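Remarks on the structure that follows.
The values are calculated or read from the model by the stated rules, or taken from the named source; none is laboratory data. Note that the coordinates shown come from a computational prediction; the quantities given were computed from them, not determined experimentally. We place every Cβ from the backbone using ideal geometry, glycine too, and count neighbours over all the protein chains shown. Note: accessible area is taken over every heavy atom of the protein model, side chains too, but ligands, DNA and RNA are not part of it. Shrake-Rupley method; radii C 1.70, N 1.55, O 1.52, S 1.80 Å.
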Amino acid sequence: MNKRIQWGVLPIVAGLGAGLLTGCGTESGDSGSGGSSVVMGMSDDVLATDPASGYDPGSWLLFNNVFQSLLSFPKGGTEPEPDAAQSCEFTDTKAQVYECTLKDGLKFSNGDSLTSEDVKFSFDRTLKINDDAGPAIMFPMLDKVETPDEKTVVFKLNTPDATFPSKIASGAGSIVDHTQYDADGLRKDGKAVGSGPYQLDSFDDDQAVFSVNENYKGTADPQNSGVTLKFFHGDQGALKTALTDKKVDIAYRGLTAGDITDIENASPDSGVEVVEGTSAEVQHLVFNMDDPVTGRVGVRKAIAYLIDREALIHDVYQGTATPLYSIIPAGIGGHNTAFFDTYGAQPSKSKAAAALAADNITGKVKLTLWSTPSRYGPATGQELKTIAQQLNASGLFDADVKSVAFDQYEKDIAAGKYGVYVKGWVPDYPDADNFTAPFFGKGNVLDNNYSNNEITGSLIPETAAQPDRSATDDPFGTLQDIVAEDVPVLPVWQAKQYAVVRDDVYGLEYCLDASTVFRFWELSKG
């Protein structure tokens, strides 16, 4: 990944069948900031406490609770609404001038007033620092930020972008106190000063401790007195043990399918329940278009004809994901089923053989599928081995699987050393633009050397400039059809989202939706 962006740990892999327990979170516990503190464990790390750097799921979980953005996503919604702003709107017809008016009386957790100066400082700082692990890559359209007065912020864009409101509603739009952050460098002391519902009291390798920010002025209504986030650094077994030993109230992001099956099959009085939510996380196989093997369209199409997503979901993920047949996932406007329509759901050896023959390819195709341990979920290695077995069973491929550490993996991808490799995507904001522009636009973050003039020259600019997002369905459909024909990537699955909680914890259903915002303030314990 070029990236920075949230190629992070993909689904909370779980094995849930007909016996899924959904009662947790459907009742209300003690409410108000005077309620009990909640302890949550996850296998992800928080890589940054500074919004100019963090671009991973763990860091954005922190940002979404400690910092305010001008806009935010409401629970269950994908359209941004005012948060620190009283109102925001495009003031021109080209979607190139976006103006926001701040609410009165905004303050940071340290008591400093939040004004337009802080908003401008935050965006200017992110772009100036341009950290390799930061979200500056999301704002190539931002030309300048103006502040006519202390309550007004005007964003001038160099190209039309109707998705700009969604981008500033994400963790990338976090507002920092200009007196507490260096304009030229990242904060490295593990502290954070924001104006969100919570303040960060402490942060180290083992945990982050949050308490309710009494200076907060916004739409959230904290149902607890604080949250302690414990880090398990990819150790799924330790996370499960902490849950069963009552050391954490919630296990989020990291339990394996076997762990969840064990919990599901436990006795009814075990004291834990499973909560399922929606998710827009996806995983793809990515093909290097300059590779001597995967650069040939016959090879890519043959793989598309042979992959059995249903078997993969059943055997490896035990029903905790769903087959994905296009690059835009279900639940996101503009989604179609281009790969299903083109290649079908059932493997076809005859069609795969015909695709190879049409490209004058004879004999078995030797292929290595590349992966990296844990980064995209604990079952990724098993997934790629299963895909290799599916390819080899056809008699058309001689495929194997190799895995390297993530740092080396990224370097090798950038150097073009792999023909096919796995990538996962956690969206920055719930719009089809975020599943297309980063992959197929200028500066392709997949590093797979794919370019299509119709996509980059027409479809992406056209969809970006359309304020009525429902009107983008047709061009996004065309884009997906082109990708299915060219096969620079092969969509594999879309995640479901799970958390396992003790039976006295409520509110989880408001934390697991397509916005990817985990809302601490909705949690209660009683």
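Being surrounded by fewer than 18 Cβ atoms within 10 Å (Cβ to Cβ) and not β-branched (Val, Ile, Thr) is the filter here; which residues of segment 277-297 pass it?
290, 292, 295
Is segment 115-123 home to any residue that is in contact with a Phe, Trp or Tyr (Cβ under 7 Å, 6 or more places away or on another chain) and charged (D, E, K, R)?
Within segment 115-123, not a single residue is in contact with a Phe, Trp or Tyr (Cβ under 7 Å, 6 or more places away or on another chain) and charged (D, E, K, R).
As an exercise: evaluate residue 177 against (1) over 21 Å from residue 82 (Cα atoms); (2) assigned to a loop (DSSP other than H, G, I, E, B) and give the number of the one condition it does not meet.
(1)
Let's see how each residue does on (1) open to solvent by 10 Å² or more (accessible area, probe 1.4 Å); (2) within 30 Å of residue 375 (Cα to Cα):
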{"site": "59", "(1), (2)": "no, yes"}
{"site": "78", "(1), (2)": "yes, yes"}
{"site": "94", "(1), (2)": "yes, no"}
{"site": "103", "(1), (2)": "yes, no"}
{"site": "116", "(1), (2)": "no, no"}
{"site": "131", "(1), (2)": "yes, yes"}
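I'm trying to understand the selection: among the residues of segment 72-102, which are among the hydrophobic types (A, V, I, L, M, F, W, C), over 18 Å from the mean Cα position of the chain (by Cα) and within 14 Å of residue 173 (Cβ to Cβ)? Even if it seems obvious, please write down each step before you answer.
Applying the first criterion (among the hydrophobic types (A, V, I, L, M, F, W, C)) to segment 72-102 yields 73, 84-85, 88, 90, 95, 97, 100, 102.
Pick out the ones that are also over 18 Å from the mean Cα position of the chain (by Cα) and you get 84-85, 88, 90, 95, 97, 100, 102.
Within segment 72-102, 84, 85, 88, 100, 102 meet the criteria.
If you check 147, 179, which single one turns out to be open to solvent by less than 60 Å² (accessible area, probe 1.4 Å), more than 24 Å from the chain's Cα centre (by Cα), within 30 Å of residue 99 (Cα to Cα) and modelled with pLDDT of 95 or more?
Unique residue meeting the criteria: 147.
Looking only at segment 241-262, count how many residues are within 17 Å of residue 229 (Cα to Cα) and touching a residue at least 24 places away in the same chain (Cβ under 8 Å).
Step one: list which residues in segment 241-262 are within 17 Å of residue 229 (Cα to Cα), which gives 241-255.
From the residues that got through so far, the ones that are touching a residue at least 24 places away in the same chain (Cβ under 8 Å) too are 242-244, 246-255.
Looking only at that region, the number is 13.
I need the full set of residues from segment 361-412 which are in contact (Cβ under 8 Å) with a residue 40 or more places away in the chain, more than 21 Å from the chain's Cα centre (by Cα) and on the phi > 0 side of the Ramachandran plot, in order please.
The one that is in contact (Cβ under 8 Å) with a residue 40 or more places away in the chain, more than 21 Å from the chain's Cα centre (by Cα) and on the phi > 0 side of the Ramachandran plot: 395.
Identify the single condition in (1) outside any loop (DSSP other than H, G, I, E, B); (2) open to solvent by 20 Å² or more (accessible area, probe 1.4 Å); (3) of a type in the set (A, V, I, L, M, F, W, C) that residue 210 does not satisfy, given that it satisfies every other one.
The number of the failed condition is (2).
Just checking, does segment 124-140 include any residue being of a type outside the set (S, T, N, Q), within 20 Å of residue 162 (Cβ to Cβ) and in a loop (DSSP other than H, G, I, E, B)? Don't jump to the end; show me each part of the working.
Just the residues of segment 124-140 that are of a type outside the set (S, T, N, Q), to begin with: 124-125, 127-129, 131-140.
Subset that is within 20 Å of residue 162 (Cβ to Cβ): 135, 137-140.
With in a loop (DSSP other than H, G, I, E, B) added as a condition, the list becomes 139-140.
Yes, segment 124-140 contains a residue that is of a type outside the set (S, T, N, Q), within 20 Å of residue 162 (Cβ to Cβ) and in a loop (DSSP other than H, G, I, E, B).
Residue check, residue 201 against (1) over 14 Å from residue 62 (Cβ atoms); (2) assigned to a strand (DSSP E or B), all met but one. Which one?
Checking residue 201 against (1) over 14 Å from residue 62 (Cβ atoms); (2) assigned to a strand (DSSP E or B), the one that fails is (1).
Can you pull out every residue in segment 498-526 that is touching a Ser or Thr at 6+ places or on another chain (Cβ under 8 Å), open to solvent by 10 Å² or more (accessible area, probe 1.4 Å) and farther than 22 Å from residue 246 by Cα?
Of the residues in segment 498-526, the ones touching a Ser or Thr at 6+ places or on another chain (Cβ under 8 Å) are 498, 505-507, 509, 512-517, 524-526.
Applying the additional criterion that residues be open to solvent by 10 Å² or more (accessible area, probe 1.4 Å) yields 506, 509, 513-514, 516-517, 525-526.
Listed by number, the residues that qualify are 513, 514, 516, 517.
Report yes if some residue within segment 228-245 is modelled with pLDDT of 95 or more and crowded, with 24+ Cβ neighbours inside 10 Å; otherwise report no.
yes
Here's the yes/no breakdown for (1) out of contact with any helix residue (DSSP H, G or I) (no Cβ under 6 Å at 6 or more places or on another chain); (2) of a type outside the set (Asp, Glu); (3) more than 24 Å from residue 427 (Cβ to Cβ):
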site	(1), (2), (3)
75	no, yes, no
93	yes, yes, yes
97	yes, yes, yes
107	yes, yes, yes
131	yes, no, no
140	yes, yes, no
149	yes, no, yes
158	yes, yes, no
170	yes, yes, no
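Which numbered condition trips up residue 263, out of (1) modelled with pLDDT of 85 or more; (2) over 26 Å from residue 418 (Cβ atoms); (3) in contact with a strand residue (DSSP E or B) (Cβ under 8 Å, 6 or more places away or on another chain)?
Residue 263 satisfies every listed condition except (1).
Going by what's in this entry, would residue 163 be described as hydroxyl-bearing (Ser, Thr, Tyr), surrounded by fewer than 16 Cβ atoms within 10 Å (Cβ to Cβ) and within 28 Å of residue 430 (Cβ to Cβ)? Working first, answer last.
Values: hydroxyl-bearing (Ser, Thr, Tyr): yes; surrounded by fewer than 16 Cβ atoms within 10 Å (Cβ to Cβ): no; within 28 Å of residue 430 (Cβ to Cβ): yes.
Answer is no for this residue.
Mind listing just one residue for me: the one in segment 85-144 that is of a type in the set (Gly, Ala, Ser) and at pLDDT below 95 and, of those, nearest to residue 410 (Cα to Cα)? Outline the logic, then answer.
Residues of segment 85-144 of a type in the set (Gly, Ala, Ser): 85, 87, 95, 105, 109, 111, 113, 116, 122, 133-134, 136.
Now narrow it down to the ones that are at pLDDT below 95: 95, 133-134, 136.
Working: 95: 35, 133: 13, 134: 16, 136: 19 Å.
Selected residue: 133.
Which one of these does residue 420 not meet: (1) modelled with pLDDT under 95; (2) in contact with a Phe, Trp or Tyr (Cβ under 7 Å, 6 or more places away or on another chain)?
(1)
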